[in-house]
Amino acid sequence: MREPERRRSFVRRFGVTLLAGIPGIVALVGYIYLTTPPSAVPAGLTLPLLAIVSGINPLVLLAVACLVGVVATPRTKLRSYLLERVSTGERIWPQLRHEAKLATRIGLFGSIVILILDLLLAPFVGVDLPASAIGEVRQSVFEVLAFAPVRFLYGGITEELLLRFGLMSALAVVGWYVTGRPSDGPDGKVMWPAIVISAVLFGVGHLPALEQSVGLTPALITRTVLLNAIAGILLGWLYWQRSLEAAMIAHITFHIPLLALSLVYVTIF
């Protein structure tokens, strides 16, 4: 491939992955606009401006992750059907269809495991944390429904681009170089550390949002990092063994029981 063609291909792949993650950021901005009370808007800002500003940091991180992922993924032999479509023109669903059932099962399994662990850990953090894996205790039905697009679009797609496509791919490349770049690509000795590290950082990434509503304690930090890291490991394994899109399906499926239980919870209580 000639250099101009290579550059155009790179720009197209970067653009496609970036566009895939933008709806999640739009959903996040919309949620902030719809649910932030006027009293919580900082002086000097309007609510629309606050909502827009809140999307700038995720957008920058998404752009960086997509840039890194486009560079790193071919070197790690990790798959993205979205990228392959740009290069070959092949349709995504015929390739992804055989992975969707496994991804759905893993998503549901992970959701159940998280809920069980959350219940088991509740006695240790219940005093400090007015929330659980299913959501805030004082949320309204409107707030739960308003957050649903964030769960599915930001959580299911944008976070996978950030944590798996960007971070995990980069860690895999680093591990591959450290181990001497074997010709057959990264093996389990490289991929498992990449999966675990990105999963733990996925959990750590949830702490700032939690800190805005409650004071962090060692128990809360452990609980938050552990539950999200478990989900991250399952999703990272799917990305490694199947594809980025399979991890996205699993992540979206993961949120379905949580959303349903959130609606039941706020309706009853």
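The values are calculated or read from the model by the stated rules, or taken from the named source; none is laboratory data. For clarity, every value in this text was computed on a predicted model and none was experimentally measured. Glycine also receives a Cβ, built like all others from the backbone with ideal geometry; neighbour counts cover every protein chain displayed.
For first residues located in the range 246-263 and under 18 Å from L96 (Cβ atoms), partners that are surrounded by fewer than 19 Cβ atoms within 10 Å (Cβ to Cβ) and among the small types (G, A, S) and lie 6+ apart or on another chain with Cβ distances below 9 Å form the pairs A246/A100; I249/A100.
One line per residue, one yes/no per condition, for (1) exposed (fewer than 14 other Cβ atoms within 10 Å of the Cβ); (2) touching a Lys or Arg at 6+ places or on another chain (Cβ under 7 Å); (3) β-branched (V, I, T):
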position	(1), (2), (3)
V11	yes, no, yes
I25	no, no, yes
L45	yes, no, no
G89	yes, no, no
A100	no, no, no
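A quick yes/no check of all residues on (1) touching a residue at least 60 places away in the same chain (Cβ under 8 Å); (2) in a helix (DSSP H, G or I); (3) out of contact with any helix residue (DSSP H, G or I) (no Cβ under 7 Å at 6 or more places or on another chain):
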site: Y33; (1), (2), (3): no, yes, no
site: L49; (1), (2), (3): no, yes, yes
site: L61; (1), (2), (3): yes, yes, no
site: G69; (1), (2), (3): yes, yes, no
site: P74; (1), (2), (3): no, yes, yes
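Does A65 meet the test of being touching a Gly at 6+ places or on another chain (Cβ under 9 Å), under 30 Å from G180 (Cα atoms), of a type outside the set (K, R) and not in a loop (DSSP other than H, G, I, E, B)? Criteria met by A65. Selection over the range 138-153 of residues that are crowded, with 21+ Cβ neighbours inside 10 Å and basic (K, R) gives a count of 1.
For the range 154-190, a residue qualifies if it is loosely packed, with under 14 Cβ neighbours inside 10 Å and outside any helix (DSSP H, G or I), and the qualifying residues are T179, G180, R181, P182, S183, D184, D187.
For (1) closer than 27 Å to A172 by Cβ; (2) among the basic types (K, R); (3) more than 16 Å from the chain's Cα centre (by Cα), each residue gets a yes or a no:
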{"position": "F10", "(1), (2), (3)": "yes, no, yes"}
{"position": "L50", "(1), (2), (3)": "no, no, yes"}
{"position": "G55", "(1), (2), (3)": "no, no, no"}
{"position": "P94", "(1), (2), (3)": "yes, no, yes"}
{"position": "R97", "(1), (2), (3)": "yes, yes, yes"}
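The residue list I116, I106 contains one member that is exposed (fewer than 15 other Cβ atoms within 10 Å of the Cβ), modelled with pLDDT of 90 or more and within 29 Å of T222 (Cα to Cα), which is I116.
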